[in-house]
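S.K.: The structure's right below; bear with me while I get my questions together.
The values are calculated or read from the model by the stated rules, or taken from the named source; none is laboratory data. From a predicted model like this one, the values you see are computed outputs, not experimental measurements. Cβ sites come from the backbone with ideal geometry, for glycine too, and all protein chains shown count toward neighbours. Please note that ligands, DNA and RNA were not included when accessible areas were found on the heavy atoms of the full protein model with its side chains. Shrake-Rupley method; radii C 1.70, N 1.55, O 1.52, S 1.80 Å.
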Amino acid sequence: MSQQQISLPAKLINGGIAGIVGVTCVFPIDLAKTRLQNQRQGQQVYKSMMDCLVKTVRSEGYFGMYRGAAVNLTLVTPEKAIKLAANDFFRHHLAKDGKGLTVFKEMMAGCGAGMCQVVVTTPMEMLKIQLQDAGRLAAQQRKPGMMSPTKLAATNALLSRSYNSGPVTSAPQAVSATQIAKELLHTQGIQGLYKGLGATLMRDVPFSIVYFPLFANLNRLGKPSPEESAPFYWAFLSGCAAGSTAAVAVNPCDVVKTRLQSLNKGSAEEAYDGVLDCVSKIMRKEGPSAFLKGAGCRALVIAPLFGIAQVMYFVGVGEYILDSSPLRLLSA
């Protein structure tokens, strides 16, 4: 089978494998990022990423750091596959004139990839955030003087009322992503799973516009010659550098997205009526520094995730699988 024929399926496989491996490695840091971003001034349960991870292990056990990992691992395969394959697809078509891509065309390809991936990213993030943030809300409830009995009953109202049978208690039973998804579909329809779509687009499109051109140019610096590929370690380092840079650049958008997609609120945590209302309230009540919450965690999550993705492309696992499989006969 020719490289051109297997290119897209192989890249989908590479992206999926990269997503699974990367998420498994960095999920605890992603959990800390979500909990830190959802904290409000005067209600801090965690002081830093390490403090969050230590308290999570103490109160929820080791596997508490992997709350929401199942839904992320399930959906990250198509999400990463779409993102990486779509970027290559757009780059290929934008380079049809036979010339190298300009930076603008590289940015356009990244923009297209970012817009394609939100089909999977939005519901994945929506469900993941509910599960990741449950421990923060429980810790806030346990903190002395953090909330009154009235506010305690209101906190986690959606989860405790809709996802658990029986009377409401101060410690609702753990829920699954499937329960949350069913309840959202039942009460709000498909738009319930796509809450925060605008904010997700606002984060993922600029991320891809920054990441893909930056990676391509950094990786090009490591090529011994224009015809040869850069060494795998250079591809990994380029992916890490480009990923962390893009992650920090769009962190304010990630904070807004996380707040909008959090269905459960702690005491005195208000709801937001869209992106502009969220930005306005965060700026007024918490100041500009709130938009950088979790930036370090996000950089630590994204850097190895995309470094691993680029190594998968370099190794060519997808190409090997397809070239060795019965699918090879289809081109004969």
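S.K.: Check Thr178, Thr155, Thr169 and return the single one that is modelled with pLDDT under 60 and open to solvent by 70 Å² or more (accessible area, probe 1.4 Å).
M.R.: Answer to the selection: Thr169.
S.K.: Which of the residues spanning segment 99-111 are open to solvent by 80 Å² or more (accessible area, probe 1.4 Å) and over 18 Å from Pro226 (Cα atoms)?
M.R.: Hits for segment 99-111 are Phe104, Met108.
S.K.: Is it the case that some residue within segment 46-63 is among the aromatic types (Phe, Trp, Tyr) and touching a Cys at 6+ places or on another chain (Cβ under 7 Å)?
M.R.: Within segment 46-63, one or more residues are among the aromatic types (Phe, Trp, Tyr) and touching a Cys at 6+ places or on another chain (Cβ under 7 Å).
S.K.: Working only within segment 210-250, note down all residues that are under 24 Å from the mean Cα position of the chain (by Cα) and of a type in the set (Gly, Ala, Ser).
M.R.: Those that are under 24 Å from the mean Cα position of the chain (by Cα) and of a type in the set (Gly, Ala, Ser): Ala216, Ala235, Ser238, Gly239, Ala241, Ala242, Gly243, Ser244, Ala246, Ala247, Ala249.
S.K.: Select from segment 66-98 the residues that are outside any helix (DSSP H, G or I) and surrounded by fewer than 20 Cβ atoms within 10 Å (Cβ to Cβ) and write down the one among them that is modelled with the highest pLDDT.
M.R.: Ala95
Residues are listed down the side, and each one gets a yes or a no for (1) at pLDDT 80 or above; (2) open to solvent by less than 20 Å² (accessible area, probe 1.4 Å); (3) assigned to a helix (DSSP H, G or I); (4) touching a helix residue (DSSP H, G or I) at 6+ places or on another chain (Cβ under 9 Å):
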| site | (1), (2), (3), (4) |
| --- | --- |
| Ile17 | yes, no, yes, yes |
| Cys25 | yes, no, yes, yes |
| Ile29 | yes, no, yes, yes |
| Ala32 | yes, yes, yes, yes |
| Gln41 | no, no, no, yes |
| Lys47 | yes, no, no, no |
| Ser59 | yes, no, yes, yes |
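S.K.: Right, something else. Residue by residue through segment 114-126, note down the ones that are without any contact (Cβ under 8 Å) to a residue 60 or more places away in the chain and within 19 Å of Arg67 (Cβ to Cβ).
M.R.: Result: Met124, single match.
S.K.: Quick check on this structure: which one of Thr121, Thr102 is out of contact with any Phe, Trp or Tyr (no Cβ under 7 Å at 6 or more places or on another chain), closer than 23 Å to Lys33 by Cβ and not small (Gly, Ala, Ser)?
M.R.: None of the other options fit; the residue is Thr121.
S.K.: Inspect all residues belonging to segment 101-115 and state whether any of them is of a type in the set (Lys, Arg) and over 13 Å from the mean Cα position of the chain (by Cα).
M.R.: Yes, that holds for at least one residue.
S.K.: Could I ask something else about it? Taking Leu101 and the conditions (1) touching a helix residue (DSSP H, G or I) at 6+ places or on another chain (Cβ under 7 Å); (2) assigned to a helix (DSSP H, G or I), which numbered condition does it fall short on, given that it satisfies the others?
M.R.: (2)
S.K.: Filter segment 58-75 down to residues that are among the hydrophobic types (A, V, I, L, M, F, W, C) and without any contact (Cβ under 8 Å) to a residue 60 or more places away in the chain and give me whichever is farthest from Gly112 (Cα to Cα).
M.R.: Phe63
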